[in-house]
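All of the numbers you see were taken from the coordinates with simple rules; none came from a lab. Remember, it's a predicted structure, so these values are computed and weren't measured experimentally. Note: ideal-geometry Cβ built from the backbone for every residue, glycine included; neighbour counts use all protein chains shown.
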Amino acid sequence: MKHLLKLSDLTPEEITGILDLADQLKYEKKNGIPHEHLKGKSLGMIFEKSSTRTRVSFEVGMQELGGYPLFLSSNDLQIGRGEPVQDTARVLSRYLDGIMIRTFAQSEVEDLAKYGSIPIINGLTDYCHPCQVLADLMTIREHKGSFKNLKMCFIGDGNNMANSLMVGAIKMGLSFAIACPKGYEPDADLMKWASENGEFLCTESVEEAAKDADILVTDVWASMGQEAEIAERKKTFEGYQINASLMSLSKADAMVLHCLPAHREEEITAEVFEAHAAEIFDEAENRLHAQKAVLVTLMKD
Ligand code: CP
Ligand code: NVA
């Protein structure tokens with residue numbers, strides 16, 4: 001494994017390897033056992049969109065591994081003034097040992113990997129959010145013990161999170177159902193792959209998707225970059241909400257995940273959010289451990 005560009009590039013064995021290492025690094029951190037695997041290594045973190053969790057967890061994670069994180073905002077970089085990503089990749093490869101990038105187009109992340117000569121990590125694009133879903137899988141395994149006989153359902157927009165959850169769930173043997181309005185389905189090629197490789201359902205009915213689910217997941221109705229569509233999306237997505245009545249259709253011990261930030265009373269009620277806060281904030285914490293595992297996997301000599 002040379003990069004983390006999207007989950008569909010990884011084998012189930014590679015995903016399991018990252019999750020096992022993440023569990024170990026979490027144990028070592030909690031028990032004060034040093035794990036400075038990346039002493040002397042530098043990670044550039046390019047942000048073309050806002051972030052709380054991704055920025056802080058990568059920055060702290062890199063420090064805990066003995067390395068040095070650099071926060072690079074596109075407001076200040078020449079990339080924000082039109083310097084081609086092909087050139088940025090070749091320049092930064094001369095200074096750094098790895099790059100994490102959060103941006104709009106998936107092609108920009110793929111181009112960094114193509115033209116650069118160091119590991120590239122996707123910290124979210126419009127297409128996918130692999131780091132988040134590795135943390136989500138880690139949290140599911142922690143709470144449920146294994147991935148056996150589990151149904152995951154996603155309620156809402158077929159966005160970057162839906163794409164990555166669908167791939168991650170199917171690769172690890174979970175069944176996956178998404179409920180979304182017509183026209184807001186996940187990526188067509190990924191849906192085709194999911195239906196050929198596992199148990200997959202895409203429906204407009206939230207009830208059908210949530211029936212007997214072990215894990216319910218949702219995300220914002222309007223993602224970063226879709227600010228102009230907020231009003232229209234609020235109307236379109238009405239009813240695509242995790243609430244008490246939907247929870248009553250799922251398994252009694254169902255867990256709820258949300259990558260955050262959350263909009264209460266839109267995609268999830270405050271009541272369900274607070275009832276499942278323990279899982280949701282474990283999920284946020286696990287960003288740190290899962291990403292440290294990714295950094296070690298890609299950057300350790
Ligand atoms: N979930 C997530 O990626 O959060 P941030 O946008 O705060 O990084
Ligand atoms: N779908 C959301 C995820 C934020 C972490 C977005 O892209 O804005």
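Dividing the summed -39500 (n - 2.57) terms of all DSSP H runs of n ≥ 4 by the residue count of the chain sets its mean residue ellipticity at 222 nm at -13500 deg cm²/dmol.
Taking every alpha-carbon pair within the range 37-105, the share separated by more than 18 Å comes to 36 percent.
Mean projection of the Cα convex hull over all viewing directions, computed for the range 173-270: 6.7 nm².
Placing +1 on the Cβ of every Lys and Arg and -1 on the Cβ of every Asp and Glu, with no other charges, gives the range 16-143 a dipole of roughly 200 debye about its Cα centre. Positive-end ranking of M224, A213, A177 along the dipole of the range 166-301, with charges on Cβ about the Cα centre, is headed by M224.
Number of Lys-Lys pairs in the range 161-301 with C-alpha atoms under 17 Å apart and a separation of 8 or more places or on different chains: 6. Taking only the C-alpha atoms of the chain, Rg followed by Dmax gives 18.7, 55 Å. Dipole magnitude for the range 1-88: about 240 debye, using +1 per Lys or Arg Cβ and -1 per Asp or Glu Cβ, origin at the Cα centre. For the chain, a simple Cβ point-charge model (Lys and Arg +1, Asp and Glu -1, everything else neutral) yields a dipole of about 820 debye relative to the Cα centre. Excluding the site residues themselves, the longest part of the chain lacking any trypsin sites (Lys or Arg not before Pro) in a DSSP loop with at most 14 other Cβ atoms within 10 Å is 183-299. Ignoring lysines fewer than eight residues from K49 along the same chain, the ones with Cα atoms less than 20 angstrom from its Cα are K6.
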